[in-house]
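Only one structure is covered here, and it is reproduced in the block below.
The values are calculated or read from the model by the stated rules, or taken from the named source; none is laboratory data. No experiment lies behind these values; they were computed from the predicted model shown. FYI the Cβ positions are ideal-geometry reconstructions off the backbone, even for glycines, and counts take in every protein chain you see. Heavy atoms of the whole protein, side chains included, go into the accessibility calculation; ligands, DNA and RNA do not. Shrake-Rupley method; radii C 1.70, N 1.55, O 1.52, S 1.80 Å.
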Amino acid sequence: MSVRVRFAPSPTGYLHIGSARTALFNFLYARSKGGKFLLRIEDTDLNRSTEESVRSILEGLEWLGLVPDEPIVFQSRNKDKHVAAALRLLEAGKAYRDFTPKEQIEDKNIKETIVERAREQKDLRSNPYRDLSQEESDRRAAAGEPFAIRLKIPKEGKTRFEDAVYGLQERDFSEIEDLVLVRSDGHPLYNLAVVCDDIEMGITDIIRGQDHLTNTHKQILIYEALGAEPPRFAHLPLILAPGGKKLSKRYHGEIVSLTTYRDAGFLPEAFRNFLALLGWSPKNDKEILSMQELIENFSLEGIHRSNAIFNFDPNNPKRWTDDKAIWMNAEYIRTMPLAELLPHVKEELKRAKLWREEYENEQKEWFEKTIDLIRERFFTLKDFSNQGRAYFSEDYDFDSKAIEKNLKKHPELRQLLSELAEKLEQLEDFQAENIEQLIRKFAEEKGIGFGVIMNAARTVLTGVQVGPSMLAVFEILGKQRSVLRLKSNLPWS
Ligand code: GLU
């Protein structure tokens, strides 16, 4: 049977990067096997599920390029089928009605006492309704007494399955309580819904977080009761914060949400590559992998058992998220084919109101040369509109540290830069070699270091301390803009 996998998020918040990684691994597995990647929105918790969350999940998946192959399944629409399955199990004697009054079940203390007592007696099968006669059970139900439906787990035996990541998994039936399939208010519960939907969707492999391992044992019991073949399972290691806590929004804030990265100027290609390496490595240990390479190299054997660590330092703005994610993004910005980077830069400049149509027409060549030059040192797309602003606008800020260090320390520069501007204005062929010659000669005449002049020029021309070769910057900005800026009083004020 050809591979069919699904990503099954609950739409109760933003798309967590751990969930995004689960989606990615499912997608890569499906593609590597020539199978299908499906999406099921598990929206049965009506109080917590929101439209907004569904939208954010869809946007996040689209951003990463993980588009499902079939129409989205909404779990809440299958409710009747879930209840019908439970009724079938009831009919077959594989489940039973539990008439324990709702208040008692919901009273946490009573519930805990029941479970504790059962554990002490080493018998989770001690529910008094488990062995109620069929007639008695039918009679009480017909009389309108509310009941939950519980799976009748055999007294002896174990569930076992071979997890593709964690190996053989076994659990003794004595450790699993007769799980509720349908609550007394008619609401089918999670494990039942998941199994019914996975059967109906023809899912062959379930790839999901390691935190579902316990559920898997329960779900296998439901598969068996329903007479269905369980799929193959692969559980993924957790993603932990540096202190060892599970990465969560509650403790770690926005860095956990996928859209944070989109909004912070990450390239989807780069972030996808980074996510793929959180808990998985290819055989060849390569780090930069395109989607095609990820697909070609992906295998469940490459998934690690140990939890992945997400390295960041909330007290250091430069390390606000995992270093590797930032490094990876810079690497993509620097090395990806320019033609693929340009649309992203266009988006960013548009957003910052720096975009001009000329960049795709008469200034196309200049624009592409500029982006190619400045991308060398950039980490995110935001850098094009922040640090790179001076290339696209006359209205840019001056970094105060650069002003102090490169201008105010040498007050004579104010006059000198203006003189230099006069000379540059006379230069006929405004290109790197000539500019360099002219500035070297000028520096010598004035008895000031060439480097001092260049640093000052960088500060005045671009507003920032570091950037590409200054001679290339002169060339890119052109004579007119360079001269005007060198003469300007603005940075001195
Ligand atoms: N809805 C579950 C979750 O978001 C996933 C269920 C599954 O993958 O089986 O954790």
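Taking a probe of 1.4 Å, how large is the accessible area per residue of the chain, in Å²?
Numbers: 24630 Å² over 493 residues.
So the chain comes to 50 Å² accessible per residue, rounded to a whole number.
Under the criterion of Cα pairs below 8 Å and six or more residues apart, the relative contact order for the chain equals 12 percent.
Here the spin labels are modelled as points 7 Å beyond Cα on the Cα-Cβ line, and at LEU238 and THR50 they lie 2.6 nm apart. Shape class for the stretch 1-85: oblate, because the ratio a/c of the largest to smallest gyration tensor axis (alpha-carbon atoms, square roots of eigenvalues) is 1.5 or more and b/c is at least a/b.
Pairs over the 24 Å Cα-Cα cut-off, from the set LYS364/LYS423; LYS350/LYS408; LYS33/LYS283; LYS346/LYS405; LYS79/LYS152; LYS81/LYS155: LYS364/LYS423; LYS350/LYS408; LYS346/LYS405; LYS81/LYS155.
What the phi angles of the stretch 195-202 give under the Karplus curve with 6.51, -1.76 and 1.60, with θ = phi - 60°, is a coupling list of 5, 4, 5, 5, 5, 4, 7, x Hz, glycine and proline written as x. For VAL182, the residues whose modelled amide H falls within less than 5 Å of its own, excluding neighbours fewer than 5 places apart on the same chain, are ILE149, LEU189. Dipole size of the chain about its Cα centre, with +1 on Lys/Arg Cβ and -1 on Asp/Glu Cβ: approximately 800 debye, rounded to the nearest 20. Between GLU70 and TRP320, the modelled label-to-label distance comes to 4.1 nm, taking each label 7 Å out from Cα in the direction of the beta carbon.
As a fraction of the 1.4 Å probe accessible area of the stretch 270-365, surface on carbon and sulfur atoms comes out at 48 percent.
Counted over the chain, the DSSP beta bridges are approximately 55% antiparallel. Measuring r between the beta carbons of GLU360 and HIS187 and using R0 = 51 Å, the FRET efficiency lands at 0.40. The stretch between ARG481 and SER400, if pulled fully straight at 0.36 nm per residue, gains 27.0 nm over its current Cα-Cα span.
Convex hull volume of the Cα atoms of the chain, normalised per residue: 185 Å³. Amide H contacts under 5 Å for ASP205: ARG4, ARG232, restricted to partners 5 or more places along the chain or on a different chain, H placed in the peptide plane at 1.01 Å from N.
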